[in-house]
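Engineer: First, the structure itself, so that you have it in front of you.
The values are calculated or read from the model by the stated rules, or taken from the named source; none is laboratory data. Only a predicted model underlies this, so the values are computations on that prediction, with no experimental measurement involved. Please note: Cβ atoms are built from the backbone with ideal geometry, for glycine as well, and neighbour counts cover all protein chains shown. SASA here: full protein model, heavy atoms, side chains in, ligands and nucleic acids out. Shrake-Rupley method; radii C 1.70, N 1.55, O 1.52, S 1.80 Å.
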Amino acid sequence: MSVLQNDRYLKALLQQPVDRTPVWMMRQAGRYLPEYRATRAIAGDFVSLMKNPELACEVTMQPLRRYPIDAAILFSDILTIPDAMGLGLYFETGEGPRFKSPIRSAADVNKIGIPDPEQELRYVMDTVRTIRKELDGKVPLIGFSGSPWTLATYMVEGGSTKTFSKIKGMMYSDPKLMHQLLDKVAESVISYLNAQIAAGAQSVMIFDTWGGVLTPRDYKDFSLNYMSKIIDGLTRENEGRKVPVTLFTKNGGQWLEMMAETGCDALGLDWTINIAEAKRRVGDKVALQGNMDPAMLYATPERIRQEVKTILADYGDSGTGHVFNLGHGITPDVTPENAGVFFESVVEYSPAFHK
Ligand code: CP3
C-alpha cells in the first residue's frame, strides 16, 4: 500500500494537530455533478452503478478531481445489507428506496441471515479495493454503514416513511422481536464494516439517520445500544494506523454526551445544534464533524463564505478535533460552483485557527 500523502482528516478525528481543518461533504459524489449523472446513465440506474466496482470507483473520484477534498467516501448505500439479506432493493423514480420483501413478522425476522461480506457483499469490498488502488495514497478512504435502527426502519417500512408507523408499531407492541431484528442487523454491520476495513477503508462512519425520531429512552435502547455494540466489535487499528469511528445521529443533538460514551472517536453533527455548544458538552472526549446547513448552498457565494467562517470561529482556535462538513447530504439541485465555494472557503479560512 502506498503511503498516505494527506492524513489531516484522520489526524483531526484523533484530535492530533493539523495545519488546517480537513473538509469533505456528505453525498459529495452525487446528482449535483453532471459527470455523476453521466456515469449513472452508463450504469443504467443507481443500484447498477453501486454494484459496479469500476463505475462506483469512478464516481467516488469525481468530486476529488474538482475540489480540494481531504477524504474520499466509498460510493455505495446503507441499504446494501438488507439487499444482501434478500429483501430486494430497488428505487422508484422520485420515491426513494423500496424493498420487494419487507420484514413484517417473526417469521420474516427468523428467515434473514447474516450476509457474508466477501460473498453477497463482495461488490462493495471490490469497490473499496478498487478505490484504494485508484486513490494511490492521495487521501484516506471512508467506509460506512447505516445504524441497525436506521436499517431496520427501511426494512420494516419497506421504504421511506414520514410516520414510522410500522417500525414503531413493532417496537412498541413486540419489543422482543424488534430486539431480535436489531441484533441480527448489528451483527451484520460489524462483519460488514470489519470487511470494509480489511479491504482498505481507513475510517468508518455510522449513519443513524432516523435515531432522532425516537424518545430519549427508546433512542438509548433501540439505537444507541446497538451502535455501542458495533463500536465494541470493530477493528480499531489496521495498516499500522488507528481506524477512527464517527457516529452520526441526525437530530441527535440532545444525546451528544451519551453518544460520546460509546467509545467512538468523533460525532457527526447536523445543523440544528451550535458546534460551540456541542464542543462545550463533549469536551475533548471526541472530535466533531459538521455542521453547515446543506440549504446554505442555495445562498450566494458571499453568504456561504461567511457561514464557513462563522462555524470555524464557533469551533474556535483550540487547534484540532474538527472535520468540516455539511450537517447532512448535499441536495441534487445545488450548483457545482457553490459546492466549490464551500470546500475552498474551508481551505482558505481554516489555517488561521491552527496556529
Ligand atoms: O456520501 C457519499 O457521497 C457516499 C454515498 C452514499 C449514498 N448514500 C449514495 C446515494 C452514502 C453515504 C449514502 C448513505 C445513505 N443512504 C443514508 C444515510 C445518510 C443520509 O442521507 O441520511 C440513507 C438514509 C440512505 C438511503 C437512501 N439512498 C435514500 C433515502 C436515497 C434516496 C434519497 C435521494 O437523495 O434520492 C438513496 C439513494 C442514493 N444513495 C443516492 C446516492 C448518490 C441518489 C441516487 C441517484 O443517483 O438517483
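Engineer: Run lengths n ≥ 4 of DSSP H only: what is the helix-derived mean residue ellipticity at 222 nm for the chain, with -39500 (n - 2.57) per run over all residues, to the nearest 500?
Structural biologist: Working: 14 runs with 150 residues, N = 355.
The helix contribution divided over the chain gives -12500 deg cm²/dmol.
Engineer: Given Phe164, Ala313, Phe353, which one lies farthest toward the positive end of the charge dipole of segment 8-353, if we put +1 on the Cβ of every Lys and Arg and -1 on the Cβ of every Asp and Glu?
Structural biologist: Phe164
Engineer: I'd like to know which of Leu151, Val243, Gly253 lies farthest towards the positive end of the charge dipole of the chain, counting +1 on Cβ of Lys and Arg and -1 on Cβ of Asp and Glu.
Structural biologist: Of Leu151, Val243, Gly253, it is Gly253.
Engineer: On a straight-distance basis, which lysines could pair with Lys309 in a cross-link, Cα separation under 29 angstrom, same-chain partners fewer than 8 positions away excluded?
Structural biologist: Lys11, Lys138, Lys250, Lys279, Lys285, Lys355
Engineer: Among Ala186, Thr60, Pro97, which residue has its Cα positioned farthest towards the positive end of the charge dipole of segment 8-353, with +1 placed on the Cβ of Lys and Arg, -1 on the Cβ of Asp and Glu, and the dipole taken about the Cα centre?
Structural biologist: Ala186
Engineer: Can you list, bin by bin at 10 Å, the percent of alpha carbon pairs in segment 261-345, starting at 0?
Structural biologist: P(r) for segment 261-345, in whole percents per bin: 17, 50, 26, 7.
Engineer: What are the radius of gyration and Dmax of the chain, computed over its Cα atoms and given in Å?
Structural biologist: 19.2, 59
Engineer: Whose amide H sits under 5 Å from the amide H of Ile73, counting only residues 5 or more places off or on another chain, with H placed in the peptide plane?
Structural biologist: Ile142
Engineer: Next question. Can you divide the C-alpha Rg of segment 1-158 by 2.2 N^0.38 Å and report the result to two decimal places?
Structural biologist: 1.14
Engineer: Taking the Cα centre of the chain as origin and charging only Cβ (+1 Lys, Arg; -1 Asp, Glu), how large is the dipole, in debye to the nearest 20?
Structural biologist: Once rounded to the nearest 20, the dipole reads 180 debye.
Engineer: Using amide H atoms built in the peptide plane, which far-off residues or other-chain residues are under 5 Å from Asn238 H to H?
Structural biologist: Answer set, sorted by chain and number: Val243.
Engineer: Just to confirm the number: angle between the C-alpha axis of helix 336-349 and the first principal axis of the chain, 0 to 90 degrees, nearest 10?
Structural biologist: 60
Engineer: What lysines does Lys100 reach when the alpha-carbon gap must be under 23 Å and sequence neighbours fewer than 8 apart in one chain are set aside?
Structural biologist: Lys51, Lys111, Lys162, Lys166, Lys168, Lys184
Engineer: What distance in nm separates the simple spin-label points at Glu187 and Gln16, each placed 7 Å from Cα in the Cβ direction?
Structural biologist: So the label points at Glu187 and Gln16 sit 3.6 nm apart.
Engineer: Still on this model: Which angle from 0 to 90°, rounded to the nearest 10, does the C-alpha axis of helix 122-135 make with the longest principal axis of the chain?
Structural biologist: That works out to roughly 10 degrees.
Engineer: With contacts defined as alpha carbon pairs under 8 Å and 6 or more residues apart, what's the relative contact order of the chain in percent?
Structural biologist: 22
Engineer: I'd like the carbon and sulfur percentage of the solvent accessible area for segment 278-319, probe radius 1.4 Å, heavy atoms only, ligands and nucleic acids excluded.
Structural biologist: Here it works out to 46 percent.
Engineer: Before I look further, what does segment 8-353 give for accessible area per residue, probe 1.4 Å, in whole square angstrom?
Structural biologist: Ligands and nucleic acids excluded, the figure is 38 Å² per residue.
Engineer: Further question: Would you mind computing the Rg to Rh ratio of segment 174-254 from its alpha-carbon coordinates, Kirkwood style for Rh? Don't skip to the end; give the middle numbers.
Structural biologist: Values: Rg = 13.6 Å, Rh = 13.5 Å.
Rg/Rh for segment 174-254 comes to 1.01.
Engineer: Quick query: amide H of Gly268 versus all other amide H atoms, modeled in the peptide plane; which residues come in under 5 Å with a sequence gap of 5 or more or a different chain?
Structural biologist: Excluding prolines and chain starts, which carry no amide H, the hits are Leu247, Phe248, Thr249, Gln289.
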